[in-house]
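Reviewing the structure listed below.
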Amino acid sequence: RNSTTDRELNPKTLASGLDDYPRASHPSDAEYHLDLRCWMTLALRVLYRIAEYQYTGDDSSKLKEYYDKLADIRRLNILHWDESRQVYSDFGNHTSSVKLAMNRDTNPPVKIRKTKKPPKLRFIDSFGYVNLFPLLMQLIPPNSPQLGYTLQHLRNESLLWTEYGLRSLAKLDPFYSKSNTDQDKPYWRGDIWININYLTVRALHHYGNQEGPYKEKAMELYTQLRSNLVSNIFKQYKSTGYVWEHYHDKTGAGKGTHPFTGWSSLVVLIMAEQY
């Protein structure tokens, strides 16, 4: 991340794959990303299982040790659970009080970022796809209260829930649908992406089949979200003849690259309930 730029509303995190999704407003070595930890946990789980199959001895046991440490829900909660908001979150040097304003001292004038309130080390107060990653990677125990809160937030229409799928960023968020620069339209700031929605229905299907206090709620959300996704993607395909890169969170209309049979083709697995 570029810690010196003043041309971006929120410096991009391209390596995450979520490009302009809002992170800590002022990049620093003190920040840590929830989705990165969850991806590394998944990667270690895959590696140690391969090692168990292929090798014996220290190769698999050491990887299993690393995996157990990353998958430890107590450690995850210490680092990433924001008790005040009852959500998992990124942490870093952050303020939401930023805006792009025209700087007329340059020729030609350009928009630069203005910080209205100084940043401080804190949990990032955005809510979107990143906050769901412990759910998506199925790291939360089925009887954990954190699972209950996450499912509750998931269904909140002021946050991510729409009749077309889960939007990428809460519509109450100050970065919702905001351009990151003069040239960059909002990308992961509200639109519906099928790759993350696939991981969500997969996780809901998992928790809906696990004994625990949230089993019925998870299965209810699974059924509703699956129906919303399949119905809208099929509707847009009938209307336009295309499967799209992502979809508008207010109208369901296809957006971005088309035809796009990359991750949006995951709708076929959703239809087949193959997770």
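The values are calculated or read from the model by the stated rules, or taken from the named source; none is laboratory data. Please read all numbers here as calculations on a predicted model, not as lab measurements. Glycine also receives a Cβ, built like all others from the backbone with ideal geometry; neighbour counts cover every protein chain displayed. Ligands, DNA and RNA are excluded from the accessible area calculation, which covers all protein heavy atoms including side chains. Shrake-Rupley method; radii C 1.70, N 1.55, O 1.52, S 1.80 Å.
The C-alpha atoms of the range 1-86 occupy a region whose extents along the principal axes are 52, 29, 19 Å, arranged from largest to smallest. For Asp184, the accessible surface of its heavy atoms amounts to roughly 50 Å² (probe 1.4 Å, protein chains only, rounded to the nearest 10). With the gyration tensor restricted to C-alpha atoms of the range 33-127, the semi-axes of the equivalent ellipsoid amount to 42, 18, 8 Å, longest first. A crude spin-label estimate for the pair Leu121 and Lys171, with each label 7 Å from Cα along the Cβ direction, gives 3.7 nm. Let me test this: with uniform point scatterers at the alpha carbons of the range 1-41, what is the Debye-based log₁₀ I(q)/I(0) at q = 0.33 1/Å? Per q value, in the given order, log10 I(q)/I(0) is -1.31. Taking every protein chain into account, the accessible area of the chain amounts to 50 square angstrom per residue (probe 1.4 Å). Ranking Pro109, Phe123, Ser97 by how far each Cα lies toward the positive end of the dipole of the range 92-143 (charges on Cβ) leaves Pro109 at the top.
Length gained on full extension, Thr5 to Arg74: 21.2 nm, using 0.36 nm per residue less the C-alpha separation. Dipole of the chain computed with +1 at Lys/Arg Cβ and -1 at Asp/Glu Cβ about the Cα centre; of Tyr247, Gly148, Met40, farthest Cα towards the positive end is Tyr247.
Working ranking of peptides 91-98, 251-258 by packing, defined as the average number of other Cβ atoms within 10 Å per residue, highest first, is 91-98, 251-258.
Heavy-atom accessible area for His33, with the other protein chains in place and a 1.4 Å probe, reaches approximately 40 Å². Temperature 37 °C, viscosity 0.692 mPa s: under these conditions the Stokes-Einstein estimate for the range 236-275, based on its Kirkwood radius over C-alpha pairs, is 311 µm² per second.
In the chain, carbon and sulfur make up what percent of the accessible area (probe 1.4 Å)? So the carbon and sulfur contribution to the accessible surface is 51 percent. Basic side chains Lys and Arg get +1 at the Cβ, acidic Asp and Glu get -1 at the Cβ, and with that the dipole of the range 43-90 about its Cα centre reaches some 60 debye.
Please state the charge dipole magnitude for the range 1-156, taken about the Cα centre, from unit charges on C-beta atoms (+1 on K and R, -1 on D and E), reported in debye and rounded to the nearest 20. The dipole magnitude comes to about 680 debye.
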